[in-house]
Amino acid sequence: MQLIYVDDSAGAGHDLLTAVIVDARRWAPSLGRWLNLRQTLAYEYGLAKTCELHAGKFVSGRGWPSQADPGAAINRDHDLRRAIYFRALDTIAADPDLAVVTVDRLGGQDRSATYLGLLAHLHRWPAAHDSHGLVVMDGEDQLYPRLHRTLPLEGRRIVEDSWLQESRTSQFVQIADLVAHAAFQSVAHQASREWMWSWYSERFAPIVTLE
């Protein structure tokens, strides 16, 4: 069984969905590697292990990642936060049990079309591994589970509706969020994020453009 954690990012004429995929049999080792990073960041910078790593907020300098020490550098130093984000992406990219897929539908924000395009692409993934996939989607939007019910049952590899889970309660959804934000900046080229335009392309497979 492939566990597929999905987060979205849209704007500037792009509608992106990023999926982080891990085989259920390798879920625990992969999570262990990520938690080791979180432990290290807690020790080195006071970044609380329970702090949600939400990419947009984190790199913008919002919030108090170190609540135990209000004067900690991570609470005010934007360059330090960028370095931590960079390190997190390196950890994700280096994990042999994780795969990343991002799709981008240009010219609008029809979330249904983009999500169905992602599902069509993902359907080939578990099929290639002679397995099945279960999608875990960030947030509470009931649109995504409903779209699963439009999929034909015959030969279906993506099982069940998508499971909705808030990112604050899931390390893997937070991982998907970090990658999704990097993917968006790689195509949107926001001037305020020029320093991360190449972060996605340097680590992950090329973004799939949907028709």
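The values are calculated or read from the model by the stated rules, or taken from the named source; none is laboratory data. Since this is a predicted model, take the numbers as computed values, not measurements. Positions of Cβ are backbone-derived with ideal geometry, glycine not excepted, and every protein chain shown enters the neighbour counts.
The set of residues in region 180-211 being surrounded by 12 or more Cβ atoms within 10 Å (Cβ to Cβ), assigned to a helix (DSSP H, G or I) and polar (S, T, N, Q) consists of GLN185, SER186. Please find, among TYR45, TYR115, the residue that is within 15 Å of the chain's Cα centre (by Cα), aromatic (Phe, Trp, Tyr) and buried (at least 19 other Cβ atoms within 10 Å of the Cβ). None of the other options fit; the residue is TYR115.
Can you say whether SER167 is of a type outside the set (A, V, I, L, M, F, W, C), under 30 Å from THR50 (Cβ atoms) and in contact with a helix residue (DSSP H, G or I) (Cβ under 9 Å, 6 or more places away or on another chain), as far as the supplied structure shows? In short, yes. In region 69-92, the residues that are aromatic (Phe, Trp, Tyr) and surrounded by 14 or more Cβ atoms within 10 Å (Cβ to Cβ) reach residues that are modelled with pLDDT under 95 and in a helix (DSSP H, G or I) with C-beta atoms within less than 6 angstrom, at least six apart or across chains, in these pairs: TYR85/VAL59. Each residue in region 7-30 was checked for being among the polar types (S, T, N, Q), modelled with pLDDT of 95 or more and buried (at least 22 other Cβ atoms within 10 Å of the Cβ), and 1 of them qualify.
Within region 93-112, if we keep just the residues that are over 27 Å from ALA28 (Cα atoms) and touching a residue at least 60 places away in the same chain (Cβ under 8 Å), the residue that is surrounded by the fewest Cβ atoms within 10 Å (Cβ to Cβ) turns out to be GLY107.
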